[in-house]
Every structure is written in structure tokens, then in C-alpha cells.
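Rule-based calculations on the coordinates, nothing more; no lab input. Keep in mind that what you see is a predicted model, and the values were worked out from it rather than measured. Cβ atoms come from the backbone with ideal geometry, glycine included; neighbour counts cover every protein chain shown.
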Amino acid sequence: ATKYQAMAPVALPDRQWPSRSITRAPRWLSTDLRDGNQALFEPMNGERKMKLFLELVRIGFKEIEVGFPAASQTDFDFVRRLINEDLIPEDVTLMVMTQSREDLIARTVEAVKGAPRAIVHLYNATAPAWRRMVFGMNVTQVMQLITHHVGYLKQLTDARPETQWTLQYSPETFSATELHVSLKACQAAIAAWNAGPGRPIIINLPTTVENATPNVFADQIEWMDRHLSPREHIVLSVHTHNDRGTGVAAAELAVMAGAQRVEGCLFGNGERCGNMDIVTMALNLYTQGVHPQLDFSNITAVARVAEECTGIPIHPRHPYAGDLVFTAFSGSHQDAIKKGFAAQDPNALWEVPYLPIDPADLGRTYDSVIRVNSQSGKGGIAFLLEREHGVVMPRRMQVEFSAVVQRHTDASETEMGATQLWELFQATYLRA
Ligand code: KIV
Ligand code: ZN
């Protein structure tokens, strides 16, 4: 139970706690199979999609955007297979995306025929540059487009009452759109869907291209949260991208500003610099004492599935998941970590210097924590020899032996593991 209180929040000097913090997990939507997939050199085939879908379900995602069935036969067939083979758990809802065009909407509704529940994700761009350059439409025409296409979707879905339908409407390019236009667009969708009890709607506000600091996005979300109506019947969602490297921060601040749901991809896959990284945001919550309701207790296994399905390797310094994130190279860090492990009470809050989370919580071991190279100090060396070979060195011996190790690693320009250290120790003290 203490695992979810991994670190106490840090008090600020002029007040007790931060003015806002996230106190429970948002609703998550994985768009790995849609936004993540559309950004791959080689989009996933049905088999890879299935493997990733099953992993997303296992992790605990309850809403999964599975594709763009009107745009891709692979996606259409994949959605059909999920439904026909009854592969959607009862607590999981599929989402399918469509552009605002009648033929595409009709094909999308066709794709999810027979599903017990479905979210249809309808979007259109609203920002001035897109209105002017891409579509040649004024604001009134954009509003008419929304009213017409949401109305059309309503008509098609009303004719299929065997499915529980939810509309997700996204004003694409929201963060670059005038707020009063975004609001008007969302209200047009809300009205055309006749949202209310029994007619669920998700309003999803994207950064599409991240264009400002995260606090600006959070201010936009807060304003929408205050103005959308009827607010109690709307789920407010955000979908951030990472063009400025702050996709996770923008989503976190957006939740503090009133968003209830967050969309993203595992390890930040997605268009250009990626969608916001759900793994990082979930584990950030975890280290702040909030259970993310997603299972990353074997992060390496999740990483391998994601790498295999997307073909994109995870950076060795990727937060929480990279190969190097539980490795200390510098001697002072190693020394502090060693002391932290020795002092750590298993029933208390996690508090080991330089390790923001217990590697064991992610299914990783301490084995990779200490490695010895020419930058290492005596602490890391002593720690490895004691843990792996039961050698407890007096302090003077630690100082002396670390000089031997340093000469050795300087000369060989390599790192030493516990086995090589033990051999050097024996050669220095036991075989002399
Ligand atoms: O980034 C984006 O705006 C999208 C939408 C269509 C939500 O992926
Ligand atoms: Zn996107």
C-alpha cells in the first residue's frame, strides 16, 4: 500500500502545499493504434495491432482508439475481427475516428456494427490558418459543417439502438483556435448530438501541434471547463502532442485545470515528436501517491511489446523505462544510493537518493543500479562486493581498493561488474 505514496509532495516555502495537484487518475484513452499507428514508417498490420491491443487491455486501458476504419481497410478488418470474435472485454470501449464527411461517417458506423458500445470520434480543424489556407471556410461555414455532420452521425446511430453510442468531438487545432470559436464549435456538436442523460459526449481538446507553454494550454482548458454547457453531461478530455517537449506537462496541468480524461500513447509514440507519453504521466502520478489504474509493474515487458509492434526503439534515458534510468555512474551517486538502500524501511515511503521510484515497482532489479567505471567512488565498489560476494571492507580498505579499481578502469577504459571486481579483489588481496 505504501507503494502509491512513493514520495511525499514537496512543500513550498511560502505556503504548505502546491495550490493544485492531481489527486486521482484521469480516465485514460490509448490512441496507440490510431495516432501512434498513423505516425509509423510502416503502419501496423492486423497481427501487430492485435498484439498491442491485447497488451493495452492487459495494462488496464478501458478506452482504446483502434483506428480510422474509413481510411484503411486494415483498420476496418481489425475492428470487425475484434467484434466478430468477441475480443472486447465488457469493461473496455472501442473508439473509431472519422473525418467530417458523410461517406466516411457512414463507413465508420458500419465498421462498429454489432459492438455493444462504441465511441465515434468526429473531428474537424478550427484554427484560423486551417480555415483560411486548408478549407477556405469562414467561422459560420465551420459551424454548419459540424452541425450537419454530427446530425448525420446521430441519424445513423439512432437507427442502431443495439449499440450504446458516445460521440467524441475534437476541434482539431484547438490550442491555436480563438477560444470563442472553439466554444462555439463544441456547443454546435453538443446541440446536434442532443447530449444529455443517456446521450454521452466527450469533448476532446487537442494541442494538435504544441504551440505554447503548458500553463497557456491549462488556461485554455480552465476557460472551456467554465463555459461548456451542460457541463455535468460532458466529459472533458485533452489530447496533447509533444512538439515543444512538454506534452506530459501540458496534460498534467490540463487535469489540474479541469480535464477529466487524457489521451496519449505508450512511450510517447505519435505524429512528429509524439503524443503525450501515457507511461510517463501514469508513473509521475504513481510517484506522487496516486494510483494510475494502469499496470506497469513489468515495464520492460511493456516496452518490448511496444518496440516490437511500432518498430521504434525506446531511448535508454526514457523516463522510467529506459535501460539506463536505474543506473548510477558517478561515485557520489552510488555512495548515496548505497546508504539509501541500507536505511530504507520497507514499510515507509520510498526515499532512496537519486532514485525517484523503487525499480522493483516496475519489475526492474537493483542489479543495474550500481556499475563501476573510472568515475565511480568507493561506495559503489563496496556495495557491489558486499552484496554479490559478502565482502565487507573496512573504510581504509575501501579507499585503497577504489584506487586499484580506478587504475584498472583508467587503463582498460571499460566498466567493471561485480564479477570482475571480485576477481580484481582476489588478485589484489587473496592471491598476493
Ligand atoms: O492531434 C490531433 O488533433 C488529433 C485529433 C484528431 C484529435 O489527433
Ligand atoms: Zn493527435
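Here the residues 103, 277, ranked from fewest to most Cβ neighbours within 10 Å of their Cβ, fall in the order 103, 277.
With 17 Å as the cut-off, how large is the P(r) tail for the stretch 31-88, expressed as percent of Cα-Cα pairs?
Of all Cα-Cα pairs in the stretch 31-88, 29 percent lie more than 17 Å apart.
Here the residues 428, 157, ranked from fewest to most Cβ neighbours within 10 Å of their Cβ, fall in the order 428, 157. The residues 241, 180, when put in order of fewest to most other Cβ atoms within 10 Å, stand as 180, 241. For the chain, the number of Lys pairs separated by eight or more positions or lying on different chains, with C-alpha atoms closer than 30 Å, is 16. Taking the C-alpha atoms only, the angle from helix 46-59 to the longest principal axis of the chain is near 70 degrees.
Placing +1 at every Lys and Arg Cβ and -1 at every Asp and Glu Cβ, with all other atoms neutral, what dipole size does the chain have around its Cα centre, in debye to the nearest 20? Provide the component values of the computation, followed by the final result.
Numbers: 40 positive and 48 negative charges, 108 e Å.
The calculation lands at about 520 debye.
With a cut-off of at most 16 other beta carbons within 10 Å, and DSSP calling the residue loop, which GluC sites (Glu not before Pro) in the stretch 226-302 qualify? Please list them. List each step's numbers first, then the result.
Details: sites: 232, 252, 263, 271; in loops: 271.
Passing sites in the stretch 226-302 are 271.
Considering only 305, 267, 240, and ranking their Cα positions along the charge dipole of the chain that arises from unit charges at the beta-carbon of Lys, Arg, Asp and Glu, the one farthest toward the positive end is 240.
Electrostatic tally near residue 243: other residues with Cβ closer than 12 Å to its Cβ, Lys and Arg +1, Asp and Glu -1, net 0.
Before anything else, pin down the relative contact order of the stretch 214-339: Cα pairs under 8 Å, at least 6 apart, normalised by residue count, whole percent. Walk me through the numbers before you get to the answer.
Numbers: 153 pairs, mean separation 21.6, N = 126.
Taking the mean separation of contacting Cα pairs over the length of the stretch 214-339, I get 17 percent.
Just check the stretch 97-152 against the gyration tensor rule for me: Cα atoms, a ≥ b ≥ c as the square roots of the eigenvalues, rounded for a/c under 1.5, and otherwise prolate or oblate depending on whether a/b exceeds b/c. Judged from the Cα gyration tensor, the stretch 97-152 comes out prolate (a/c at least 1.5, a/b above b/c).
Summarising the amide proton neighbourhood of residue 238: residues at separation of 5 or more, or on other chains, whose placed amide H is nearer than 5 Å comprise 205, 261, 262, 263. The convex hull of the Cα atoms of the chain, projected and averaged over all directions, covers 25.1 nm².
Considering the stretch 68-195 at the alpha-carbon level, its Rg and Dmax are found to be 15.2, 45 Å. Taken about its Cα centre, the stretch 268-329 carries a charge dipole of about 120 debye when Lys and Arg each add +1 at the Cβ and Asp and Glu each add -1 at the Cβ. In percent, rounded to a whole number, the relative contact order of the stretch 158-202 is 53, using alpha-carbon pairs under 8 Å and six or more apart.
Take each of the peptides 203-210, 94-101, average the number of other beta-carbon atoms within 10 Å over its residues, and list them starting from the highest. Please report the intermediate quantities before stating the final value.
Values: 203-210: 24.8, 94-101: 21.8.
Sorting 203-210, 94-101 by mean packing, highest first, produces 203-210, 94-101.
With coordinates expressed along the principal axes, the C-alpha atoms belonging to the stretch 197-299 extend over 40, 29, 23 Å, beginning with the largest. Taking a ≥ b ≥ c as the square roots of the eigenvalues of the Cα gyration tensor, the stretch 249-316 is oblate, since a/c reaches 1.5 or more and a/b is not larger than b/c. Shape class of the stretch 280-384 from the alpha-carbon gyration tensor: oblate, with a/c at 1.5 or above and b/c at least as large as a/b. Only Cα pairs under 8 Å and 6+ residues apart enter the sum, and on that basis the relative contact order of the chain stands at 16 percent.
For the chain, what proportion of DSSP beta bridges, expressed in % and rounded to the nearest 5, is antiparallel? Working shown, then result.
Values: 4 of 43 bridges.
Of the beta bridges lying entirely in the chain, close to 10 percent run antiparallel.
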